[in-house]
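Everything below concerns the one structure shown next.
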Amino acid sequence: MDDWENSMSTAALPEEQTPALNEAERVLCIFTAPSRTMADLRRNASWWVPWLLLSIASIAFAFTLDKRVGWDQVMETQIQSNPKTAEKMEKMPADQREKITKIQATSARVIGYASPVTTLIALVVVAGALLGLFNFGFGTKLTFKELMGVTAYGFLPSILSTMLTIMVLFIVEPDTFDVKNPLATSAGYFVPGTMPFLKTLLGAFDVFTLWQVFLLAVGVAQLSKLKVKTGTAFAAIFSLVLLFKLGAAALSAM
């Protein structure tokens, strides 16, 4: 909270007054003093270290999920968690149902192990969205490379959620694991699958999602030298997240 208050009320330090950080210090500071990491991106907007860490964590999760649960079971659980999808699948011939499940499981496995690529794509999309939002909506002059750094470091808390999820995989029964809601970190976790719209919508208020949005907001505030305040940036970014979740919730309810 101290970092939030400082970001809200204190002018950004000139670059020459801010000690340069190495990559290890940047990663550590993103959890302890995020404004220092984000301010350092004005000096060097490198983003490959957090991307690498995120990729390693994602591959570790994909491997553990594959061995502990299996992708076929993952897809079966997802089908059963959505009543409408389950009903459609039940009406299919057994061989057709099995074929579709196999295709979905294979696709999920490929995507899981291709996480370095999918993570990079996600970083590019988010950085591009932030570029458009703040340069055109708030008149900042942020660069895409700077926002790639902000996004990559801002996503680092997901490593903690991934580690916790891996731990969960060793505790729960394979047929009860929900890959979309593995942790009780949002109210959506407690909503039954028969209410997909509400379950997906409440998932927007996940602890780790809010943490990441806060870090992105700190980054925008620091790079804009507080032309955009942290609170304003947080509200703008979370509005985009909420809009995305509403769209996903609407699709899940169809």
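A few notes on this one:
- Residues that are assigned to a helix (DSSP H, G or I), in contact (Cβ under 8 Å) with a residue 24 or more places away in the chain and not polar (S, T, N, Q) were ranked within segment 68-80; the one that is farthest from LEU251 (Cα to Cα) is ARG68.
- Note on segment 218-235: residues that are surrounded by 19 or more Cβ atoms within 10 Å (Cβ to Cβ) and in contact (Cβ under 8 Å) with a residue 24 or more places away in the chain total 10.
- Flag for LEU123 being more than 26 Å from ILE59 (Cα to Cα) and touching a residue at least 12 places away in the same chain (Cβ under 8 Å): no
- Of all residues in segment 70-96 being closer than 20 Å to LYS180 by Cα and polar (S, T, N, Q), the one that is nearest to the chain's Cα centre (by Cα): GLN78
- Residue check: LYS99 meets all listed conditions (1) over 27 Å from VAL220 (Cβ atoms); (2) buried (at least 17 other Cβ atoms within 10 Å of the Cβ) but one, namely (2).
- Restricting segment 41-70 to residues that are in contact with a Gly (Cβ under 9 Å, 6 or more places away or on another chain) and over 17 Å from CYS29 (Cβ atoms) leaves a set whose member that is surrounded by the most Cβ atoms within 10 Å (Cβ to Cβ) is LEU65.
- Criterion (over 14 Å from the mean Cα position of the chain (by Cα), at pLDDT 95 or above and either of a type outside the set (Val, Ile, Thr) or in a helix (DSSP H, G or I) (or both)) met by exactly one of GLY112, GLY132: GLY132
- Of all residues assigned to segment 151-161, none qualifies as being without any contact (Cβ under 8 Å) to a residue 24 or more places away in the chain and either surrounded by 15 or more Cβ atoms within 10 Å (Cβ to Cβ) or in a helix (DSSP H, G or I) (or both).
- In this structure, LYS227 does satisfy being within 21 Å of LEU130 (Cβ to Cβ) and in a loop (DSSP other than H, G, I, E, B).
- Test for LEU215: is it more than 20 Å from ILE59 (Cβ to Cβ), touching a Pro at 6+ places or on another chain (Cβ under 6 Å), part of a helix (DSSP H, G or I) and not polar (S, T, N, Q): yes
- Residue selection: ALA108 fails the criterion of being surrounded by 14 or more Cβ atoms within 10 Å (Cβ to Cβ), over 24 Å from VAL179 (Cα atoms) and among the small types (Gly, Ala, Ser).
- Tally, over segment 165-199, of residues that are assigned to a helix (DSSP H, G or I) and either surrounded by 15 or more Cβ atoms within 10 Å (Cβ to Cβ) or touching a Phe, Trp or Tyr at 6+ places or on another chain (Cβ under 9 Å) (or both): 11
- Matching residues, segment 91-104, being acidic (Asp, Glu) and under 12 Å from GLU76 (Cα atoms): GLU98
- Close contacts from segment 81-96, counting a first residue that is touching a residue at least 60 places away in the same chain (Cβ under 8 Å) and a second that is surrounded by 11 or more Cβ atoms within 10 Å (Cβ to Cβ) and of a type outside the set (Asp, Glu), with Cβ to Cβ under 8 Å and a gap of 6+ residues or different chains, come to SER81/LYS180; SER81/GLY193; ASN82/GLY193; ASN82/PRO196; ASN82/SER252; PRO83/GLY193; PRO83/THR194.
- Qualifying residue in segment 207-217 (condition: without any contact (Cβ under 8 Å) to a residue 12 or more places away in the chain and either out of contact with any Asp or Glu (no Cβ under 6 Å at 6 or more places or on another chain) or buried (at least 16 other Cβ atoms within 10 Å of the Cβ) (or both)): no
The values are calculated or read from the model by the stated rules, or taken from the named source; none is laboratory data. As the structure is a computational prediction, the values presented were derived from the model and not from experiment. When we count neighbours, we look across all protein chains shown, and the Cβ atoms used for this are built from the backbone with ideal geometry, even at glycine.
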